[in-house]
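Notes to accompany the following structure.
Read the figures in this text as sums done on the coordinates, not as results from a lab. Computed from a prediction, not measured in an experiment: that's the story for all the values here. Note that each Cβ is placed from the backbone with ideal geometry, even for glycine, and that neighbours are counted across all protein chains shown.
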Ligand SMILES: [Zn+2]
């Protein structure tokens, strides 16, 4: 059965160093490869931030790098002609700059912030005062937030701080991490879980999420190009534990609803 598929969580790239694949010698690295791979796997739209293997040594120099990644995302949005929904980076040490980026991205036709990846950029919490200022603004502007998980407590505090901001937590994981995603999604109406990164290889993991938090809060993401898109698409599309309606919600309808597309 064919489903419309939106990959809510991936990372496109303009330059080699920004391609997140860690087995680069085995694959083709080219700006035209991303839409080809997406198309071949039946994905009509793909969303997320540009990240990089590049690193800065101190937080002071992080903004220059983040701004250049945001610039890349806007360039790719134009290059991919509507197939790519671009997500912006913000950073708690750069409040004014982050707010300007939210305005720039909103004006360029997206409501997506992230995926944010704090551990790459010298911060480790979303529930800080500085981040609250930035995300209060984001919430006011109708943006939505895609995040790499921090600690479960920090994630809970983030949800507590922003009851009107749609927050999509990545990587269901397993054990304690999985349980806390589930509890958070049950407690906070604005909290969703995206399937990318880890978790769905465990038998029954996706169906259990659906049973516990509802299919309307589970969102398909692959974390391409670090992860194998085909494995994620097939792992949801062919999961016989899921009903056709559950697959439709997970693979496209939920993303369309929160992205307003
Ligand atoms: Zn990611």
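Okay, here's what the table says:
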quantity: Rel. contact order, % - alpha carbon contacts under 8 angstrom, at least six apart, the chain; calculated: 20
quantity: Spatial extent of the chain: Rg and Dmax, with the Cα atoms as the point set, Å; calculated: 17.0, 50
quantity: Proxy reagent accessibility, fewest Cβ within 10 Å first, across 198, 25; calculated: 25, 198
quantity: Separation of alpha-carbon centers, segment 69-93 and segment 111-187, rounded to whole Å; calculated: 19
quantity: Full-stretch length increase - residue 244, residue 257 - with 0.36 nm per residue and alpha-carbon distance subtracted; calculated: 2.9 nm
quantity: Ratio Rg/Rh, restricted to segment 1-62 and using Cα atoms, in which Rh is the Kirkwood radius; calculated: 1.06
quantity: Shape metrics for segment 32-115, restricted to C-alpha atoms - Rg then Dmax, Å; calculated: 13.6, 41
quantity: Fully extended contour minus Cα-Cα distance, from residue 4 to residue 160, at 0.36 nm per residue; calculated: 52.8 nm
quantity: D_trans [Stokes-Einstein, Kirkwood Rh over alpha-carbon pairs] for segment 106-159, 20 °C, 1.002 mPa s, µm² s⁻¹; calculated: 182
quantity: Per-residue Cβ neighbour rank within 10 angstrom, fewest leading, 39, 248, 184; calculated: 39, 248, 184
quantity: Coarse-grained scattering of segment 161-204 at q = 0.20, 0.22, 0.26 Å⁻¹, given as base-10 log I(q)/I(0) from a Debye sum over alpha-carbon atoms; calculated: -0.61, -0.71, -0.91
quantity: Calculated diffusion of segment 107-213, Stokes-Einstein form, Kirkwood radius summed over Cα pairs, 20 °C and 1.002 mPa s, µm²/s; calculated: 151
quantity: Principal axis dimensions, largest first and in whole angstrom, of segment 1-143 by Cα; calculated: 46, 33, 25
quantity: Anisotropy class of segment 178-261 from Cα gyration tensor, a/c 1.5 cut; calculated: rounded
